[in-house]
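Step one of this worksheet: look at the structure below.
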Amino acid sequence: MPTVSMTVNGKSVSGEVEGRTLLVQFLRDHLSLTGTHVGCDTGQCGACVVNVNGDSMKSCNMLAASADGAEVKTIEGMANDDGSLGVIQQAFQDNHGLQCGFCTPGMVMTADDLLARNPNPSEVEIREYLEGNLCRCTGYHNIVKSIQAASAAMTAGE
Amino acid sequence: MYNFDYVKASSVADATAALGGDAQAISGGQTLIPTLKARLGQPSSLVDLSGVAEMSGITAGDGSVTIGGAVTHHAVSESGDVPASVAALAAGIGDPAVRHRGTIGGSVANNDPSACYPSACLGLGATIHTSGGDVAADDYFQGMFDTALGEGQIVTGVTFPTPAKANYQKFVQPASRFALVGVFVSQMADGYVRVAVTGASESGVFRWSDAETALAGNFSADVVPAAPSADGMIADLHGSAAYRAHLISVMTKRAVAAC
Amino acid sequence: MPKDSGIGAPSKRREDVRFLTGAGNYTDDINVAGQKYVVFLRSSVAHGNLNKVDTAAAAAMPGVVHIFTGDDFAEIGGLPCGWQIHSRDGEPMAEPPHPVLARGKVRHVGDPIAAVVADSVEQARDAAEAIELDIEELPAVVDMTDAISGNAAQVHEEAPNNLCYDWGFVEENRDATMEAFEGAHHVTTLELINNRLVANPMEPRVCIGDFNAPSGESTLYTTSQNPHVIRLLMGAFVLGIPEHKLRVIAPDVGGGFGAKIYHYAEEALCTFAAKTLKMPVKWTCDRSEAFISDAQGRDHKTKIELALDADGKFLAIRTETLANMGAYLSTFAPAVPTWLHGTLMAGTYTTPLIYCNVKAVFTNTLPVDAYRGAGRPEATYQLERVIDVAAREMGIDPVEIRRRNFIPADAYPYQTPVAVAYDTGDYHGTMDKLVEVADFAGFSARREASKAKGKLRGLGICSYIEACGIAPSALVGQLGARAGLFESCTVRVNAAGGVVVMTGSHSHGQGHETTFPQVVSEMLGMPEEMIEIVHGDTGRGPMGMGTYGSRSIAVGGAAMVRATEKIIAKATRIAAHLMEASHEDVEFKDGMFSVAGTDKQVDFGSVALSAYVPHNYPLETLEPGLEETAFYDPSNFTYPAGAYACEVEVDEDTGVVEIASFAAADDFGNIINPMIVDGQVHGGIGQGIGQALLENCVYDESGQLASGSFMDYAMPRADDLPMYTVDHSSITPCTHNPLGVKGCGEAGAIGSPPAVINAVVDALQSGGHNVTHLDMPASPDRVWAAIQAAK
């Protein structure tokens, strides 16, 4: 079996995988990083979104082997160094941007990607950027508000 | 998924050597991986094209631009070198995470009848570069999921001529967000008009010649014909054949108006 | 100024910290040492004789531990149905068996046939593919009208003509209702479909069965909304495991919306397999499998008629409904089109005569059961649609016709003609509020602005009522429920003063871990952080009934209040002892006990310590310790109500409907946490708009599921939905529970679909298209087709 090595949340990791092992399986089963979730099998729901080399990607729609050598960031890597909630995470709590929490890791990772590219997105831009992330609980209202709040907090913090 | 060997190709030669038999190429994998998860394919190995250097760039030429087969939708959407109509089309494929991973080569090789890129290729008269040689878009797309690609061949890139005017209008299927109907309209500097339609036909992407003829004389939304015949149009739970035919006309008008 | 803690405060959710850092503990995140993996082989046809299941070759494949088939369950019970309905003729409903694994016949696509246990998921999948099946395909019945036509395939021998029951309500009013139609000034008739939906919580279902051989204890980890109910149903009725040897744990659950209420075959299989094989087994459903194994929702076909007098007063309503049960009776399926539906047909109006006839029908489709709202959305949709059509036919403004018929604010308690009695409400009040927050006055200007953009703008409204906290147990027992509908709570005060609240309610997104402490904090005068909620584990709390039907705060919260009151009563006696006073003279306020008219006082913490270190304690009259349990059985439903308004823009060229705005004015009674209430309403509206515009579960004629993945089942996305205007400042507190609360979980999903469709029809009418009705979802192709048909 091939060995893959990558950096996940700043730590070097490696493991033996099958050709068919998905990145999300490597994260959840090999690394016990169970914050990344699987909500569908057709690449639609976005619960599995992680950041690979600076881009949001669906980790259930990507082979672990193809992430060999990559820098991967997951929800477990989003808190501040002291363990407190990061800006986006805090904005989600402050604005009730989650209910059951299952889609939340993907939402936060997609928001992180959006705000890195577009620090002041409009409501329409936020909604369009969430096209690949399904939430069944919130009706999206408070997710949009959370991302707006995170944007404001980041802008204010600069 | 059935298991397979994973092969990372570093060159086109490398890739084609590894292909053949039950081996299959994977580019972004955004369509292929869900298919394999459903156990609808059983390749002996997957040959990963995403690291092939010669397929990775966007090269502006004289009156054309060549996009490497492994270039992601996101990279195309951000490129200042590609026609704005193509960049906008790429920006509307899937969702951000899919665009970060999915590639033009994968889309063109797969030729999903609802994919966006085939309409741009046909609607601009692109040249499809394959490991077996260059093929004109008019000859490349041969029906649903069917192309001129031979056994073990891959799409290494696509060259788009620069149009005088072009626009793509996509009417999304509400669940998958693929094109229920997508229309790519272009006019070249010499006045030549192309109208390519994706999503609608059971035969895959096609050129709507009646609209092309009408627009060649007068490039105006007013002359776009009413709906073409619904014969041969896809009918499913998202739209009847008649509805798709109707949308072809509406989307063509909007594309012309937006040019 | 809003409070910053306790009842009414927008306290931030403490559970969010783990969900936001990837530290949630969902069932699929749990792995038991040595676990094997279960894969189900499911029917690929909708109806067939299952002549042979040959597992010999598959069982010999690498990694395979065991393969279970229907024969393994021949001597074991099938899945029970929790509610029995009687037909108009007094006969009990047809109740065919619901096997854990199919035997002899398969009845829907996805019907489980065999379960492979193997070392890995992929090995189990390989083996499942190698099982040899001989299925003789039979004609399938999918359409309900066909099913009861007398010419269709029989789904079950036990249900002649595919009829489960033929229910009439209120049967005694039938003749009078028919008579009222004879002389009516105007009758409006509408035929409509309430489309079948798939709940699709984002977390697919997962089960882990475990067995401890020395103790003989089985444990099931499962994605459930009500672990105690699963323990009771599965233990007593399926597997014969006594409750003291069966523990059911539902840890963090990623949404339910009804689909995770029911006892499923996979739970029984995993528990049974673990016990049989003496090893833990895990089943993780993927989304494609969820589409063919989760119970689905809605799916009613209704003809409704409304009789009115010349002033637009409602005289009578009669309905005929076909309700799809699917291929088997899911746990609460028979109750949804009957007691959760017929009883809501009065709505917010004074209609004196109502008669509903509901025929429940078996088809070769997935079982149908409660989905957010469950029966109440179906009732509200038909009522609010027929009223809108009647208003248009009679030339009366849609707000005005509703106002003419509202139950007046001074009429409570109000006995409806459909059994239920509303305790409180103010429907003019919520409509007034809606008119204000939705800015009805500005609509015509907005319509003009839309017109300038080439769009047709429509305004649709709805006045809904729902019944939550279904109860009391004695009544529902008479109505056919085979379960009690109380809720329980144990409040444990620890020696150092911290409090643990063990509730039978279950949180899968509702935020109980935050709201429940707000109540106890207010009552005990201690910071919310001192109070911890335990739920979702039958091993760690009293028998409870779980969370569905917007019952958690109204019933579970009431149980918690009662238990906390017992704590205060006992603590008062301890405090009286410590202060050497009579307990009648002791007051408790803000966490402090004091003796009236003196400066004697003792804090709650000291009393708690005394209870566990009873050195100075009235041991002769009072037991030590400070822990109390209460079981609360409500005396009535609660009746949240409200008024919703939707504005849409329709593109006539394409049929695309966009939600331009959505406003809700609700009366939920008292509010514990307004932030969470807002969120519940947002989510409900999102699902309601999904039903109205996007979602549709479709089977083809052969019973194949055409909308079997997110590629074809259109889930609402962020760019499909607007920001919502939500107001819940209209408050008429519930009169019969201690918190005065009514429940808010389903309102959004109940009130929004008719508002959306009323708006779409209004938009089309404004453009000169004579469209009276169109069925949900009002997808672009349907709207376009309706415009063409009206030409």
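Some observations on this one:
- Partner aspartates and glutamates whose Cα lies under 19 Å from the Cα of B:Lys253, excluding those fewer than 8 positions away in the same chain, are identified as B:Asp210, B:Glu212, B:Asp222, C:Asp651, C:Glu652, C:Asp653, C:Asp781.
- What separates the Cα centres of the range C:538-587 and the range C:92-165 is a distance of 48 Å.
- For the range C:310-401, averaging the sequence separation of C-alpha pairs within contact (under 8 Å, six or more residues apart) and dividing by the residue count gives a relative contact order of 39 percent.
- Residue ranges C:260-271, C:172-183 sort as C:260-271, C:172-183 when ordered by packing (mean number of other C-beta atoms within 10 Å per residue, highest first).
- A cut-off under 13 angstrom between Cβ atoms defines the neighbours of C:Glu522, and their net charge, with Lys, Arg +1 and Asp, Glu -1, is -2.
- The mean sequence distance of close C-alpha pairs (under 8 Å, at least 6 residues apart), as a share of the length of chain C, puts its relative contact order at 15 percent.
- Neighbouring Cβ atoms from other chains, within 10 Å of the Cβ of residues in A:30-38, number 4 on average.
- Per-peptide packing, taken as the mean over residues of other Cβ atoms within 10 Å, places B:132-145, C:448-461, A:97-110 in the sequence A:97-110, C:448-461, B:132-145 from highest down.
- Rounded to the nearest 20, the Cβ-based charge dipole of chain B about its Cα centre (Lys and Arg +1, Asp and Glu -1) stands at 760 debye.
- Listed as lacking a disulfide-compatible partner in chain C: C:Cys81, C:Cys164, C:Cys285, C:Cys356, C:Cys462, C:Cys468, C:Cys489, C:Cys646, C:Cys697, C:Cys734, C:Cys744, by the criterion of no other cysteine Cβ under 4.7 Å.
- Value of relative contact order over chain B, rounded to a whole percent, pairs C-alpha under 8 Å and six or more apart: 15 percent
- When the surface is traced with a 1.4 Å probe over the full set of protein chains, C:His428 keeps roughly 60 Å² accessible.
- For the range B:176-211 versus the range B:48-97, the gap between their alpha-carbon centres in whole angstrom: 20 Å
- Global form of the range B:165-258, assessed from the alpha-carbon gyration tensor, a/c cut-off 1.5: prolate
- The label-point distance for B:Gln42 and C:Gln788, in a model that sets each label 7 Å from Cα toward Cβ, rounds to 4.4 nm.
- Helix A:141-157 vs. chain A, principal-axis angle (Cα, 0 to 90°, nearest 10): 90 degrees
- Table column - 3J(HN,Hα) (Hz), the range C:401-418, Karplus curve with 6.51, -1.76, 1.60, x for Gly and Pro: 5, 5, 4, 5, 10, 4, 5, x, 5, 9, 9, 8, x, 10, 8, 7, x, 10
- Most positive-pole-ward Cα, A:Leu134, B:Gln142, C:Thr271, against dipole of the protein assembly as shown from beta carbon charges: A:Leu134
- Two-site FRET efficiency, A:Thr7 against B:Ala17, from Cβ-Cβ distance with R₀ of 30 Å, rounded to 0.05: 0.45
- Label-point gap, in nm, between B:Asp62 and A:Met154 - each point 7 angstrom along Cα→Cβ: 4.4 nm
- A:Cys137, B:Cys259, reordered so the largest accessible area comes first (probe 1.4 Å): B:Cys259, A:Cys137
- Cα long-axis angle, helix A:104-117 against chain A (0 to 90 degrees, to the nearest 10): 70 degrees
- Projecting the Cα atoms of C:Gly536, A:Phe102, C:His428 onto the charge dipole of the protein assembly as shown, computed from C-beta unit charges around the Cα centre, puts C:His428 farthest toward the positive end.
- Heavy-atom accessible area per residue - the protein assembly as shown, 1.4 Å, Å²: 33 Å²
- Ordering B:Val12, B:His73, B:Ser131 by Cα displacement along the dipole of the range B:1-137 toward the positive end leaves B:His73 in first place; charges were set at the Cβ atoms of Lys, Arg (+1) and Asp, Glu (-1).
- Per residue of A:50-63, other chain Cβ atoms within 10 Å of the residue Cβ number 5 on average.
- Residue-averaged beta-carbon neighbours from other chains (10 angstrom radius) around B:200-207: 0
- Ranked from largest to smallest solvent-accessible area, with a 1.4 Å probe on the protein heavy atoms, C:Lys301, C:Lys742 come out as C:Lys301, C:Lys742.
- Charges were assigned to the Cβ only: +1 to each Lys and Arg, -1 to each Asp and Glu. The resulting dipole of the protein assembly as shown about its Cα centre is roughly 340 debye.
- From most to least packed by mean Cβ count within 10 Å, the peptides C:617-630, B:185-198 give B:185-198, C:617-630.
- Student exercise, the range A:87-157 dipole from Lys, Arg, Asp, Glu Cβ charges, in Debye to nearest 20: 140 debye
- Taking a ≥ b ≥ c as the square roots of the eigenvalues of the alpha carbon gyration tensor, chain C is oblate, as a/c is not under 1.5 and a/b does not beat b/c.
- By DSSP, the beta bridges lying fully in the range C:486-632 are antiparallel in about 80 percent of cases.
- Between the range C:1-62 and the range A:7-38, the Cα center-to-center distance that results, in Å: 19 Å
- For the residues A:Gln148, A:Gln25, A:Gln93, a GNM of chain A with alpha-carbon springs under 10 Å puts the largest fluctuation on A:Gln93.
The values are calculated or read from the model by the stated rules, or taken from the named source; none is laboratory data. Predicted, not measured: the structure shown is a model, and the values here were computed from it. Reconstructed Cβ throughout: ideal geometry from the backbone, glycine too, with neighbour counts over all protein chains shown. Surface areas here come from the heavy atoms of the whole protein model, side chains and all, with no ligands, DNA or RNA. Shrake-Rupley method; radii C 1.70, N 1.55, O 1.52, S 1.80 Å.
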